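> First the structure, then my questions, so here it is.
The values are calculated or read from the model by the stated rules, or taken from the named source; none is laboratory data. As the structure is a prediction and not an experimental result, all values here were calculated from the model. All Cβ positions, even for glycine, are placed from backbone atoms using ideal geometry, and neighbour counts span all protein chains on display.
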Amino acid sequence: MRRLLGKFYVRYHLLISEVREALDNQDLALAERLVHTVRGSTVYVCAEGVVNAAARLESPLKHQNITDLETEISQLEMALGPVIGATAAFAEFAQEIAT
């Protein structure tokens, strides 16, 4: 379990900036894939708030309705923050196993 939580942190602690960068580069496919992936992964750490927030962001990305996504991005960031904070302590376990 520690490894799973550590891998979650390592993979997703920069997610919001990665999504914003993809949108800045007009790479909707990448932004959608990032959000879809975190939505699926958060099921394993029982973070229902993140799952729901990611689904609310994924839908307009999928339909290329990107006129104003700031609310959805902010909601995902707020939901993801506590999960990232809680999993940060386990990052060393993911890195120990990787080496």
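> Checking the structure you have, find out if any residue of the range 39-50 is closer than 18 Å to V10 by Cα, in contact with an Asp or Glu (Cβ under 7 Å, 6 or more places away or on another chain) and of a type in the set (K, R).
yes
> So which of Y44, Y9 ends up being more than 17 Å from G85 (Cβ to Cβ) and of a type in the set (F, W, Y)? Steps first, answer last, please.
Values: Y9 fails: more than 17 Å from G85 (Cβ to Cβ).
Testing whether each residue is more than 17 Å from G85 (Cβ to Cβ) and of a type in the set (F, W, Y) leaves just Y44.
> Given the options T42, T87, name the one that is modelled with pLDDT under 95, within 11 Å of the chain's Cα centre (by Cα) and either in a helix (DSSP H, G or I) or of a type in the set (F, W, Y) (or both). Give the derivation first.
Working: T87 fails: within 11 Å of the chain's Cα centre (by Cα).
Just a single option satisfies the conditions, and that option is T42.
> Now for a different question. Just to be sure, is E77 in a helix (DSSP H, G or I) and either more than 9 Å from the chain's Cα centre (by Cα) or over 26 Å from A91 (Cβ atoms) (or both)? Step through it out loud before you land on a result.
On the way: in a helix (DSSP H, G or I): yes; either more than 9 Å from the chain's Cα centre (by Cα) or over 26 Å from A91 (Cβ atoms) (or both): no.
No, not satisfied.
> Next question, about the same structure. Select, from L15, L28, L34, the only residue that is in contact with a Leu (Cβ under 7 Å, 6 or more places away or on another chain), in contact (Cβ under 8 Å) with a residue 60 or more places away in the chain and surrounded by 14 or more Cβ atoms within 10 Å (Cβ to Cβ). Steps first, please.
Details: L28 fails: in contact (Cβ under 8 Å) with a residue 60 or more places away in the chain; L34 fails: in contact (Cβ under 8 Å) with a residue 60 or more places away in the chain.
L15 is the lone residue from the list that is in contact with a Leu (Cβ under 7 Å, 6 or more places away or on another chain), in contact (Cβ under 8 Å) with a residue 60 or more places away in the chain and surrounded by 14 or more Cβ atoms within 10 Å (Cβ to Cβ).
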